[in-house]
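Notes follow once the structure below has been shown.
The values are calculated or read from the model by the stated rules, or taken from the named source; none is laboratory data. If you're wondering where the values come from, they're calculated on a predicted model, not measured in any experiment. FYI the Cβ positions are ideal-geometry reconstructions off the backbone, even for glycines, and counts take in every protein chain you see. In case anyone asks, the SASA skips ligands and DNA or RNA and just uses the protein heavy atoms, side chains included. Shrake-Rupley method; radii C 1.70, N 1.55, O 1.52, S 1.80 Å.
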Amino acid sequence: MTNNNHFIQLILLPVFLMFMTGFSGCTLKNADNQKQSAGQEKGDLQLTPEQLKDKIAGGWAGQTIGVVYGAPVEFKYQGAIIPDYQIIPWREGYVKYWWDKKPGLFDDIYTDLNFVNAFEIHGMEVPMDTIANHWANTAYHLAHANQASRYNILQGIMPPQSGNWKNNPHADDLDFQIEADFIGLMAPGMVNQATEIADRVGHIMNSGDGWYGGVYVSALYSLAFTTNRPNEIVEQAIKTIPEGTQFRQCIDDVIQWHKENPNDWKATWFQVQKKWDKDVGCPKGCYLSFNIDAKINSAYVTIGLLYGEGDFTKSIDISTRCGQDADCNPSTVGGVLGVMLGYSQIPAFWLKPLQEIENLNFEGTPMSLAKAYELSYKHAEKLILKNGGKVDSKQIVIPYQQAVAVAFEQNFEKTFPILRDRFDKSFTDELRYEFTGNGYIFYGNLVKNAKIDRDYIDRVSKRVGSEVFGLAEPNDLYVAQLEIYIDNVLDETVKLPMKNTSRRLEPAWKYNLVEGKHTVRLKWVNPHPDYEIRINDIVVYSEKPAASNLPLTNQL
């Protein structure tokens, strides 16, 4: 496509957004009237096999469309709305463009598909440990709670401890939220069956709010089969989260603020920022503008669903413009809308570029979208029968389930960040650090000393277009061993593998110490001249929030 044509595509997109708002709204109204006339407001859900297949395919398609739409702005706007004049492109060939340029962009999809494959291989009753072992032996790059859990499992720390916040500082991150879509697709209309699967899968990599993000998403998808009203989907899905949790309070706030400002999503976005824009656990985001916490990103998903009013285009655009993880959030919204509307009702403008890659396998998997459509339908049939429904060649009857809240979990209780020390030092033997509080985390990593030239970068790094990141050898077998002493007592011995898929994200952390002065010492047991351990920052925690150091009045 020529540059002039590309420019025209960008200019015309806002016009298309306005046009599609009206188009999709008509589609929603007609579908909702059909549903009401069929008497499916409460009670068993009745669909033809073709309708169920259409909705499942719509979920996978919408999810993939959303992640590509948000690709160019992912984490580019941290704590800021993406302004209306910022064009987010979409055009013919666009999905294939990102497929070739950045296959890792599709991690939302291929991590989902990894779990689909686990259920296909091991059956619908596959236990948590089997799923965890399947998960830990994947070959693709992972980050945050996902990689922390993979490290834990490879070290023998199995779920739910692999996702527990004391073993996984990223436990409140949104990892499970962005890979729970498959659950609702295999449990259509059976919301409690969905949350039961979420319990088995989500505690592999998350707990607390991070787990709740996936529970909520799995419920959104499951309930999208039952109604064409996004507000009803949201209000029923949040009932799966216990009252009194921060996650429940955050989404309840969004629902209430939407009622107060039903025509101004930006007003609700600002309310979310004021109250909920704080990342406590993830050391990449704590004290900084980066926020990968599940609560706030689920809030952006909810904003997209409520203010998008069932319109596919409007919904994914709003959730993208909320910022932060601006590819994952519209991916969830697009998937939920894809279920609600069905594959056949996704506008061709969005669907045609996707169809170029439907039969191609995602990186590191034997799975394509076409296979996902097939397997999720197969798994849905099995779970419908398991839950007392009926399946035949003409009609599928899905038993109604009223949403029940899952167990109460809250991470980082009495664990408040009070200091981020920009440490920025490396060591090759040992490091001592003194602090006052009840916990700490060292943000850094094992690195290899080498001449950094283009040949070296090409050999050891993962390339994404013109970008290069991660100087860890993908297959380097060196494993550093650290002894961690707290107040001169050996607390634990940890391994720091250099191999990318085996790596430990942070060298050391500890929570829930007795409040007071502490000394932590990291002793490198087997130092090697080719490596060093780099500590970028140290976050210190306390059982009480930090008091402001500003004067109470303007009198100095």
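Numerical summary
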{"quantity": "Given (1) of a type in the set (V, I, T); (2) open to solvent by 30 Å² or more (accessible area, probe 1.4 Å); (3) touching a Pro at 6+ places or on another chain (Cβ under 7 Å), index of the condition I204 fails", "calculated": "(2)"}
{"quantity": "Selected residue [under 21 Å from D530 (Cβ atoms) and at pLDDT 55 or above] from V479, V460, V468", "calculated": "V479"}
{"quantity": "Residue identified as closer than 27 Å to D84 by Cα and not small (G, A, S) among T365, T313", "calculated": "T313"}
{"quantity": "Which numbered condition D279 fails, given (1) part of a loop (DSSP other than H, G, I, E, B); (2) open to solvent by 10 Å² or more (accessible area, probe 1.4 Å); (3) farther than 17 Å from N291 by Cα; (4) of a type outside the set (F, W, Y)", "calculated": "(3)"}
{"quantity": "Any hit, region 313-322, residues being part of a loop (DSSP other than H, G, I, E, B), within 17 Å of I88 (Cα to Cα) and at pLDDT 95 or above", "calculated": "yes"}
{"quantity": "Candidate set from region 492-524 (those that are farther than 18 Å from I538 by Cα, open to solvent by 30 Å² or more (accessible area, probe 1.4 Å) and of a type outside the set (S, T, N, Q)); member that is farthest from the chain's Cα centre (by Cα)", "calculated": "V514"}
{"quantity": "Residue within region 144-162 that is without any contact (Cβ under 8 Å) to a residue 40 or more places away in the chain, of a type in the set (A, V, I, L, M), assigned to a helix (DSSP H, G or I) and crowded, with 20+ Cβ neighbours inside 10 Å present", "calculated": "no"}
{"quantity": "Answer from E413, E409, E381 - the residue that is open to solvent by less than 60 Å² (accessible area, probe 1.4 Å) and more than 19 Å from D181 (Cα to Cα)", "calculated": "E409"}
{"quantity": "In region 172-192, the residues that are open to solvent by less than 10 Å² (accessible area, probe 1.4 Å), over 17 Å from T111 (Cβ atoms) and either touching a Cys at 6+ places or on another chain (Cβ under 6 Å) or part of a helix (DSSP H, G or I) (or both)", "calculated": "V191"}
{"quantity": "Region 237-253 residues that are open to solvent by 60 Å² or more (accessible area, probe 1.4 Å), paired with ones that are of a type in the set (A, V, I, L, M, F, W, C) (beta carbon under 6 Å, 6 or more apart)", "calculated": "K239/A403"}
{"quantity": "Residue in region 119-143 that is surrounded by the most Cβ atoms within 10 Å (Cβ to Cβ), counting only those that are under 19 Å from the mean Cα position of the chain (by Cα) and part of a helix (DSSP H, G or I)", "calculated": "A132"}
{"quantity": "Every residue from region 473-495 that is aliphatic (A, V, I, L, M) and more than 16 Å from L505 (Cα to Cα)", "calculated": "L477, I486, V489, L490"}
{"quantity": "Qualifying residues in region 333-386 (those that are aliphatic (A, V, I, L, M) and not in a helix (DSSP H, G or I)) - the one nearest to I233 (Cα to Cα)", "calculated": "I346"}
{"quantity": "Tally, over region 339-370, of residues that are open to solvent by less than 30 Å² (accessible area, probe 1.4 Å) and of a type in the set (S, T, N, Q)", "calculated": "2"}
{"quantity": "Breaking point among (1) open to solvent by 10 Å² or more (accessible area, probe 1.4 Å); (2) touching a residue at least 12 places away in the same chain (Cβ under 8 Å); (3) of a type outside the set (G, A, S), for Y85", "calculated": "(2)"}
{"quantity": "Odd one out for F312 among (1) touching a Pro at 6+ places or on another chain (Cβ under 8 Å); (2) touching a residue at least 12 places away in the same chain (Cβ under 8 Å); (3) open to solvent by 10 Å² or more (accessible area, probe 1.4 Å)", "calculated": "(3)"}
{"quantity": "Selection within region 226-236 - open to solvent by less than 10 Å² (accessible area, probe 1.4 Å) and assigned to a loop (DSSP other than H, G, I, E, B)", "calculated": "T227"}
{"quantity": "Yes/no for C286 being within 30 Å of L505 (Cβ to Cβ), open to solvent by less than 10 Å² (accessible area, probe 1.4 Å) and touching a strand residue (DSSP E or B) at 6+ places or on another chain (Cβ under 6 Å)", "calculated": "yes"}
{"quantity": "Residue match in region 298-308 (condition: touching a Gly at 6+ places or on another chain (Cβ under 7 Å), surrounded by 24 or more Cβ atoms within 10 Å (Cβ to Cβ) and not in a loop (DSSP other than H, G, I, E, B))", "calculated": "yes"}
{"quantity": "Evaluation of K166 against (1) without any contact (Cβ under 8 Å) to a residue 60 or more places away in the chain; (2) open to solvent by 50 Å² or more (accessible area, probe 1.4 Å); (3) over 18 Å from K499 (Cβ atoms) (one fails), failing number", "calculated": "(1)"}
{"quantity": "Only one of E374, E430 that is open to solvent by 60 Å² or more (accessible area, probe 1.4 Å), modelled with pLDDT of 95 or more and farther than 30 Å from P188 by Cβ", "calculated": "E430"}
